[in-house]
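Asker: Quick one: the structure is below, questions incoming.
The values are calculated or read from the model by the stated rules, or taken from the named source; none is laboratory data. Note that the structure is predicted; figures quoted are calculated from it, not measured. Note: ideal-geometry Cβ built from the backbone for every residue, glycine included; neighbour counts use all protein chains shown.
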Amino acid sequence: MEIASGLLHGFAVALQPSNVFWCFVGCLLGTIVGIMPGLGPAATIALLLPLTFKMDPSGGIIMLAGIYYGAKYGGSTTSILLNIPGESSSVVTCIDGYQMARRGRAGAALGIAAIASFIAGTVGVIGLTLIAPPVAAFALSFSSPEYFALMCLGLALVVLLSGTSLIKGLLALLLGLWLTSIGTDLFTAQARFIFGQATLLGGIDFMVVAIGVFAIGEVMGSIEAGEEARMLPVPRGIRNLLPNWEELRACRFAFLNGSITGFLVGCLPGGGATISSFIAYGIEKAVSKHPEQFGKGAPEGVAAPEGANNADTGGALVPLLTLGIPGGGSTAIMLSALVLWGVKPGPLMMTESPDVFWGLVASMYIGNVVLLILNLPLVPLFAQILRLPVYVLFPVIFGISIVGAYGASGRIFDLGLLVGFGLLGYIMSKLKYPSAPLILGFVLGDAMERALRQSLMMSQGDVLTLVQRPISAIMLALAVVILLIPLFGWLNRLRMRAITENG
Amino acid sequence: MTFLKNGDAISGAALAALGAYIVMQSRAWDYYTLDGPGPAFFPFWYGVAMVALSLLLIVNAARNGNGTTETIDWRATGRALGTWLAFALSVVLMEFAGFLISFALLTFFIVAVIFQRPLATAGVVAIASALAFHLIFPVALSVSLPAGPFGF
């Protein structure tokens, strides 16, 4: 009953004309970003975040979320037509999607991707609607030790799944923790790591780190790669974009598999859309009566991963909105956005900010319909974006990065930091250091330190308080087990397989 | 030694040095106060962890005799680093010349030098994109951007 009334309230918020408009803008931008290789949703959300500061929080988060899940819809277009994933979560769609396109079924492949995305995206939002309230109610019993343990568990999962080297993941995380320590200590007003610069007393702006590491780093990587690809022709007309009955029948289980797998994996911090899409593809192939068709243009090979990477969105928002724990780069930026607007994600968000919480959830139902409409008949139009020369696109990204970093503070100093973080993002990518743990360390570092220090204050310095409370003890034990996984041969082989297939 | 092994050793050394710096700095602050853990408490422990993990990374790099054989494409890397250097210079220039001029020059460099397009194309893209940014952000959206001696 509480859920139904909350959802009704959410629709009242989401259906306000201004919010419908922002939902449409987010979905449109997300689709465009998803189509363009070299610019991810995390970078786009970071770039556009400064422009949302003056917006109403409901409208702002509805738009940013639209970019987040819209990019997953759009990513399939490039995978199918170019054999280049627009997003990392669309890597697996290349395998069968491009083969279908080569066999003259590009329209059907695009149609299956859009239908799977719509079904699984909607199932994911239903999962979010039903699961978020009980998770939030459970989390109300959490105190500082539980929050500290929860953050350790979330960060351990992110580190485990973000790259092949656990050591590099942990080092990236520690770097993020250090960067967030720069500035004034909230408990004692002690200046830390400011290198004699008074401008650093307020700390480093999150936007500068996110835009530098994601946007500038990605552009430098794309300029280095300098790939050119030949696009397969896009069929025109809605009839040519609809799969035939046999193809739809073949995808029945894939729609369900993608929906459930994507949502469950999405709930885990660090899981992410890429891993969920690979798992869904693996399950689909394992249970198929025709596994030999996979890799040669099997429609299920498009439906399962595309469904999974869209259902993942609903799952990823469960820990973000109910616990305040983001699971990846994009959700970490959305967490920062909520905090900047004065909204505190966590177990009380549903009662303290019902407009934002339920408005966002309801907007995702609307967004999925908007995306289906955008992605079926307008695919040929969107495909034209791929003809935009990169020598025009990349300077524009630099320009938006400058606007984003300078607009937040109005200081040239921050542009200098942006230059530095851009180089850091590029070097990390070259040396295969994952960037997600750095961003999550930066976002959660303050809260983690606060929870740890408060726990020790409560227990008068007794560290055992962290393991004497059952929930906290279980989560810390799980975090330790997760970090020990690389020591167990067969488990580590599974982890490495998931990550290397991940690209 | 291959690129990644070198990179691991060098980045490991840099991060070990950073970890040592964090530990040294934190020793200057209160580790524990009457109220509880002080400002040095958290940095001290992640600094220690950073040193330990960095050393482990260096040891792993040294031990992996048959590691990956990835090599550097210097031409491609040069393109990326050249773009970054131009971006850095444009930020330095921005303080004196403002956004419009510095961004136009950056765009011109990227189009003409990095992507090797004709100078006329580079000029058109540079002027058009700089003007578009100026009209969209400072003029239409009232978003402030670094201004030069001419007020833009």
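Asker: Just for helices (runs of 4 or more DSSP H) wholly inside region B:39-152: which have at least 2 residues that are at positive phi and exposed (fewer than 15 other Cβ atoms within 10 Å of the Cβ)?
Answerer: Values: elements: B:41-63, B:74-109, B:119-134.
Those helices (runs of 4 or more DSSP H) do not exist here; none qualify.
Asker: Mind listing whichever residues of region A:55-76 are surrounded by fewer than 24 Cβ atoms within 10 Å (Cβ to Cβ) and either part of a helix (DSSP H, G or I) or of a type in the set (S, T, N, Q) (or both)? Explain how you work it out, then say what you get.
Answerer: To start, the set of residues in region A:55-76 that are surrounded by fewer than 24 Cβ atoms within 10 Å (Cβ to Cβ) comprises A:55-57.
Passing the criteria: only A:Pro57.
Asker: Further question on the same structure: From A:Gly346, A:Gly314, A:Gly297, grab the single residue that is small (Gly, Ala, Ser), in a loop (DSSP other than H, G, I, E, B) and closer than 30 Å to A:Leu110 by Cα. First the steps, then the outcome.
Answerer: Working: A:Gly346 fails: closer than 30 Å to A:Leu110 by Cα; A:Gly314 fails: in a loop (DSSP other than H, G, I, E, B).
Every option except A:Gly297 fails the conditions.
Asker: To continue, here is another question. Restricting to region A:17-35, count the residues that are farther than 20 Å from A:Phe53 by Cβ and surrounded by fewer than 24 Cβ atoms within 10 Å (Cβ to Cβ).
Answerer: Of the residues in that region, 5 qualify.
Asker: Being facing another protein chain (nearest Cβ under 9 Å), closer than 19 Å to A:Thr180 by Cβ and in a loop (DSSP other than H, G, I, E, B) is the filter here; which residues of region A:418-435 pass it?
Answerer: Result: A:Tyr433, single match.
Asker: Could you check A:Gly226 against (1) within 23 Å of B:Tyr21 (Cα to Cα); (2) without any contact (Cβ under 8 Å) to a residue 60 or more places away in the chain and say which number it fails?
Answerer: Against the list (1) within 23 Å of B:Tyr21 (Cα to Cα); (2) without any contact (Cβ under 8 Å) to a residue 60 or more places away in the chain, A:Gly226 comes up short only on (1).
So that you can scan it fast, the table gives a plain yes or no per residue for (1) under 28 Å from A:Met364 (Cα atoms); (2) at pLDDT 85 or above:
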{"position": "A:Arg102", "(1), (2)": "no, no"}
{"position": "A:Val123", "(1), (2)": "yes, yes"}
{"position": "A:Leu130", "(1), (2)": "yes, yes"}
{"position": "A:Ser165", "(1), (2)": "no, yes"}
{"position": "A:Leu170", "(1), (2)": "no, yes"}
{"position": "A:Leu177", "(1), (2)": "no, yes"}
{"position": "A:Asp185", "(1), (2)": "no, yes"}
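Asker: Related question: For B:Arg79, all conditions in the list (1) more than 7 Å from chain A (Cβ to nearest Cβ); (2) modelled with pLDDT under 95 hold save one; what is the number of the exception?
Answerer: Condition not satisfied by B:Arg79: (1).
Asker: Of the residues in region A:443-465, how many are modelled with pLDDT under 90 and away from chain B (no Cβ under 12 Å)?
Answerer: 2
Asker: Looking only at region A:356-400, count how many residues are at the interface with another protein chain (Cβ under 9 Å from one of its Cβ atoms) and either in contact (Cβ under 8 Å) with a residue 24 or more places away in the chain or of a type in the set (Lys, Arg) (or both). Steps first, answer last, please.
Answerer: As a first pass, look at region A:356-400 and keep what is at the interface with another protein chain (Cβ under 9 Å from one of its Cβ atoms): A:389-392, A:394-396, A:398-400.
Of the ones still in play, those that are also either in contact (Cβ under 8 Å) with a residue 24 or more places away in the chain or of a type in the set (Lys, Arg) (or both) are A:390, A:394, A:398, A:400.
Of the residues in region A:356-400, 4 are at the interface with another protein chain (Cβ under 9 Å from one of its Cβ atoms) and either in contact (Cβ under 8 Å) with a residue 24 or more places away in the chain or of a type in the set (Lys, Arg) (or both).
Asker: Then there's this: In the list A:Gly183, A:Gly203, which residue meets the criterion of being within 20 Å of A:Leu438 (Cα to Cα), of a type outside the set (A, V, I, L, M, F, W, C), in contact (Cβ under 8 Å) with a residue 12 or more places away in the chain and more than 12 Å from chain B (Cβ to nearest Cβ)? Full working, then the answer.
Answerer: Working: A:Gly183 fails: more than 12 Å from chain B (Cβ to nearest Cβ).
Result: A:Gly203 is the single residue among A:Gly183, A:Gly203 that is within 20 Å of A:Leu438 (Cα to Cα), of a type outside the set (A, V, I, L, M, F, W, C), in contact (Cβ under 8 Å) with a residue 12 or more places away in the chain and more than 12 Å from chain B (Cβ to nearest Cβ).
Asker: Need the failing condition index for A:Ser162 against (1) hydroxyl-bearing (Ser, Thr, Tyr); (2) under 30 Å from B:Asn64 (Cα atoms); (3) more than 18 Å from the chain's Cα centre (by Cα), just the number.
Answerer: (3)
Asker: Let me ask something else. Name every residue in region B:10-57 that is under 13 Å from A:Arg453 (Cα atoms) and in contact with a Leu (Cβ under 7 Å, 6 or more places away or on another chain), in order of residue number.
Answerer: Within region B:10-57, B:Gly36, B:Pro37, B:Phe42 qualify.
Asker: Go through the residues of region A:43-54 one by one and say whether even a single one is in a loop (DSSP other than H, G, I, E, B) and either farther than 20 Å from A:Gly307 by Cβ or among the polar types (S, T, N, Q) (or both).
Answerer: Initial filter on region A:43-54 (in a loop (DSSP other than H, G, I, E, B)): A:53-54.
Those still in the list that are either farther than 20 Å from A:Gly307 by Cβ or among the polar types (S, T, N, Q) (or both) too: A:53-54.
Yes: region A:43-54 contains one or more residues that are in a loop (DSSP other than H, G, I, E, B) and either farther than 20 Å from A:Gly307 by Cβ or among the polar types (S, T, N, Q) (or both).
Asker: Taking B:Ile72 and the conditions (1) more than 7 Å from chain A (Cβ to nearest Cβ); (2) free of Cβ contacts under 8 Å to residues at least 60 places away in the same chain, which numbered condition does it fall short on, given that it satisfies the others?
Answerer: Among (1) more than 7 Å from chain A (Cβ to nearest Cβ); (2) free of Cβ contacts under 8 Å to residues at least 60 places away in the same chain, the lone unmet condition for B:Ile72 is (2).
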